[in-house]
Each structure stands twice: as structure tokens, then as C-alpha cells.
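Okay, so here's the structure we're looking at.
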Amino acid sequence: MTTAIPHAAAQDARPLTGGKLLIAALLIGLGNFLVVLDTTIANVSVPTIAGSLGVSSTQGTWVITSYAVAEAITVPLTGWLARRFGAQRVFLTCYLRFAVVSMLCGLSHSLGMLLGARVLLGLVGGPIMPLSQMLLMRVFPKERATQGTVLWAMTTLVGPVAGPSSAVSSATRSAGSGSSLSRCRWPPRVDCC
């Protein structure tokens, strides 16, 4: 059992070049971007979400809290998960589950259902940000590591900028339907509002 983990880690650690590097970097960066974007959209959309679910804005803030607490639980576990199952496998699993659970958030019709989905979203989204940084450092050759760091920083900084504009345009087009806000950003980015 212990021999499989170093072998898997060695496969994950190989730097890429050319088109493979570009595709891997964009997909890893997209995962990081979507996690940051999700948090920003929820923060900006609390009044709209609360209104569409028929709850107060104070109750609507639980949408943010439930995600943040669940994410805070899984971030410290990321290193253990990566060592136990392999960083690439954990990242891909969380990435795909983030897409599915994000869709569940968009389909929620009650505060309880939305909070449950947001907890799940935080649990699968928590490892994405630290793993994306680690995987970018692994896929970029050492001489291009700065480019990997810049890509990660850029996707981290662009999410909070894109989130409010995405949430406002989604809310405007959906005429107050808070549930459609979550469906607007699940991977691949489908603008379905």
C-alpha cells in the first residue's frame, strides 16, 4: 500500500511542456478561479438569494457562513488527502464534485437545501485552492515556476473582480431568481441565466 503512493506522487510531479502544459495550467487555474468566484458571487448576492427564498438577509448570510466553515474544515486536511490519495486525484475529484454540487446549489428551492448544498460545496471546494497552487508548481518546469505562480495569483485576484459583475448581471437577467445565480458558474462556465 505504501509503495503505490510514492509512485503516484512521482507521476504527479513530472513537469509538462508545450500544449499539455498550457491545457493543464488553464484547467488548474480555472478550478482556483471558480472557487474564488463562488465565494464572491455568494457575498454579493445575499439579498437576492434571501429574497428569492423568502427569508431575511440575516438568514441569507448563512449561505456564506456554511460554505466558509466547511471550507475551513477541509483546507487543513488537504495535505493529508494529497499524500493519501495523490494530489492530482484529489484535485480532479474535488473539481468534478464542485461542478455537480454547484449545480445542486443552483437547483435549491429552500434555505435548508441551499445550506446543505453550500456545506457540500465548501467540503469539496476547500482543497481546490491549495492543490491548484501545488499542482501548478509541479506541472511548470523549474525555470518557468514564476509563470505558474503568476497564473495562480491572477486567477485568485480576478475572481473577486469578476464575481460582483457576474452576480449583478445574473440577477438582472433572472429578474430576482436567486437560484439561477449558482448555475451561472459551474464548470464549464455556462451562462444560463
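Cβ separations smaller than 6 Å between residues 6+ apart or across chains give the following pairs from segment 39-55 residues that are in contact (Cβ under 8 Å) with a residue 40 or more places away in the chain and of a type in the set (A, V, I, L, M) to residues that are buried (at least 20 other Cβ atoms within 10 Å of the Cβ) and assigned to a loop (DSSP other than H, G, I, E, B): I49/G178. Annotation for segment 34-46: at least one member residue is over 18 Å from the mean Cα position of the chain (by Cα) and either under 23 Å from V158 (Cα atoms) or of a type in the set (K, R) (or both). Among the residues that make up segment 84-98, is at least one of them surrounded by fewer than 21 Cβ atoms within 10 Å (Cβ to Cβ), at pLDDT 95 or above and farther than 18 Å from I28 by Cβ? Yes; the residues of segment 84-98 include at least one that is surrounded by fewer than 21 Cβ atoms within 10 Å (Cβ to Cβ), at pLDDT 95 or above and farther than 18 Å from I28 by Cβ.
The values are calculated or read from the model by the stated rules, or taken from the named source; none is laboratory data. Here the structure is a predicted model, which is why all the values come from computation and not from measurement. Don't worry about glycine lacking a Cβ; one is built from the backbone with ideal geometry, like all the others, and counts go over all protein chains shown.
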